[in-house]
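Scroll down for the structure; my scribbles are underneath it.
Every number in this text was worked out from the coordinates using simple rules, so none of it is lab data. None of these values were measured; they are calculated from a predicted model. Note: ideal-geometry Cβ built from the backbone for every residue, glycine included; neighbour counts use all protein chains shown.
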Amino acid sequence: MKSIKIQYKDISFDVKYDEGTATSDSVRVENIFNTHDNQLVHSYNDDVFFNKYLGETYDKEELGALGSSIKRSFSKFAREHSEDDETEEVSNEPVGAVDQIIFDTVGRALGSSKTKEKVDTLIKALIKEHGIVPHKTVLEVKFKDQPKKDVGLQHKSFADVLSTLSAGVNIALVGPAGSGKTTIVHNASKVLNLSFASQSVSAQSTVFDFFGYKSATGKYIGTMFREKYENGGVFLLDEFDAGNPNVLAALNQATANGHCPFPDKMIAKHKDFIIVMAGNTFGGGGTIDYVGRNKIDAATLDRFAFIYIDYDEILEKALSSNEAWCTRVQRYRARVIEKKVRTIISPRATFNGEKLLSAGLPLETVEQMIIFKGLTDDERNLITL
């Protein structure tokens, strides 16, 4: 017979368990050994332990979690049956899912006379210990010998994009609408101390939109692309898979070589010039969700490193001001995927919806405007929560 020692303030007792046979992977909870014949332990044994734990079987690997569970259970019982309202010292040992750890810790603090400052301290300690916010990271940027920088809350793919940009490699970001492609590139440019410009391309775009032209008086009219190409910086070509193939072919020459002819003269590419394309497909043509996309020439695609940018729901929730609405949006998104309904519910639904709710619009109206727009009755019924 072995035991788990439970300590709460000045009260201690042992929980006895039987390991069974040597080949068994489970243990059976037998009884409480009340070391100091404490009345509170007697009461806990009769009211809680006997009904909840006695005779139950657990895996040997769960012994640590079992001990922590009993300690939390006894701590709660002791507070409810003791005139002393002080909060016991919080255990630092992990006992299961992170959200449960936080829930239990907050519950203990709020059940006592401790102040909000104590609650904040407990939560911050748990967040630091267990890494609840995985996006707040310090990255070492190997670009122009820059030191480490705290980049704050960022998309889960931010580090990959930043590293690729710092290597001077042109990138193609592919992902669903509203996944944060433009924001990622803009923020990465800031970290690298590079200027940033963005321009969308469409079927109506012309080479003059990017390379400029000469006016009737012979004056060269420049563009954002020319400025970045000549002086350095990050240029984002948005919606590349919806663009005019002639434009992409011309840009292909600019990215392929160390120089490019513009209407006024030949320009050498700046050493810090990087072009990033962003789109919803990998350049293979239209898909079921993005039917208006073009097939891109393989030679153009070959000059870019592709990174897929998916929705980051952890970041979405961290940035949301209405957690209940954000959770609801994410549940709708999961239903859309599960039921294969052709609609897009991006993080924009979270951020636009919470603004409408804050303005006083009822939930049903906001859902109609943000979630169910354009859906048939059958499609709506499929995803209704």
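With each label modelled as a point 7 angstrom along the Cα→C-beta vector, the S12-E56 pair spans 2.5 nm. Cα centroids of region 297-318 and region 159-212: 11 Å apart.
Loop-only GluC sites (Glu not before Pro) in region 29-75, please: DSSP not H, G, I, E or B, and at most 15 other Cβ atoms within 10 Å. Qualifying residues, ordered by number: E56.
Pairs from the table (K317/K340; K156/K340; K190/K265; K190/K271; K9/K52; K295/K340) lying more than 28 angstrom apart at Cα are K190/K265.
Counting only DSSP beta bridges whose two residues both lie in region 144-308, roughly 25 percent are antiparallel.
When a/c is below 1.5 the answer is rounded, else prolate if a/b is larger than b/c, else oblate, so apply that to region 1-84 with a ≥ b ≥ c taken from the square roots of the Cα gyration tensor eigenvalues. In terms of gyration-tensor shape, prolate.
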